[in-house]
1. For a quick check: with amide H placed at 1.01 Å from N, whose amide H comes under 5 Å from residue 73's, ignoring anything fewer than 5 positions away on the same chain?
2. Looking only at 152, 84, 59, which one moves most when the chain is put into a Gaussian network model with springs between Cα atoms under 10 Å?
3. For labels at residue 131 and residue 95 in the simple 7 Å Cα→Cβ model, what's the distance in nm?
4. Loop only by DSSP, 11 or fewer other Cβ within 10 Å of the Cβ. Give me the GluC sites (Glu not before Pro) in segment 1-83 that pass, ordered by residue number.
5. Please say if segment 107-168 is rounded, prolate or oblate, where rounded means a/c under 1.5 for a ≥ b ≥ c the square roots of the C-alpha gyration tensor eigenvalues, and otherwise the choice is prolate for a/b larger than b/c and oblate otherwise?
6. Can you give the accessible area of residue 161 in Å² (nearest 10), computed on protein heavy atoms with a 1.4 Å probe?
7. Points 7 angstrom from Cα along the Cβ direction at residue 69 and residue 38: gap in nanometres?
8. Please list, by residue number, everything in segment 158-172 whose backbone N is under 12 Å from a paramagnetic label point 7 Å out along Cα→Cβ of residue 141.
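The values are calculated or read from the model by the stated rules, or taken from the named source; none is laboratory data. On a predicted model such as this, the values are computed, not experimentally measured, just so you know. In this analysis, Cβ positions are derived from the backbone assuming ideal geometry, glycine residues included, and neighbour counts consider all displayed protein chains. We work out accessible area using only protein heavy atoms, side chains counted, and drop any ligands, DNA or RNA first. Shrake-Rupley method; radii C 1.70, N 1.55, O 1.52, S 1.80 Å.
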Amino acid sequence: RMFETLACFGLSFLAGQIIFLDWFIDTFGNFANGFIMFFFVAWSAGRFGRHGVLLVIGMTALQALLGGVDGIGYFAADSEQTEMVNLWLYLFVLTIVGMTQALTISRNRESEAALHAGDERWRFALEGAGDGVWDWNLQTHEIFLSPYSKDMLGFPLDEQKISDQDWKSIIHPADYERLMYDL
């Protein structure tokens, strides 16, 4: 994780220097444009959340302001022509994109964690009660058996799917007919 952190923020800093302060201008020319920073914002949003996005945007804002004030880099002409309106609009869009992505990813992770916690509580309750649970998807004909159900019915615990025939073989014929009628 430390290597990825250093790579993300170090490369982001280097890209900002190249784009906004004309580092390596002889090598890159005008190729380096401001949209490259969106890659670093997306990377930091996905891996480091809001704080990572704010760090990249803060570095970008500082570098872009320094370049604009010195009349070099991507926003060199912006200070004279638009009084830095383009720079502020750029930073606004960069912030909105990065924060939206970071918050969306954060909410997804929180939802997954809550779902996992609920699943663990459900599993704990089933194991504690000594009950087995089964579920039959009638559209795909997949049958899910909890580990305790598999153990009670004699199926191997590592077997992922139970076929219709396996299911039918363990149910009493009268119960199977009633079950099929109720479905």
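1. Amide H to amide H, under 5 Å and 5 or more residues apart or across chains, residue 73 pairs with 22.
2. 152
3. Placing both labels 7 Å along Cα→Cβ, they lie 5.2 nm apart.
4. Here the sparse-neighbourhood loop sites are 83.
5. Values: a/c = 2.77, a/b = 1.51, b/c = 1.84.
Cα axes put segment 107-168 in the oblate bin.
6. Counting only protein heavy atoms, the figure is 130 Å².
7. It is 2.8 nm.
8. 163-168
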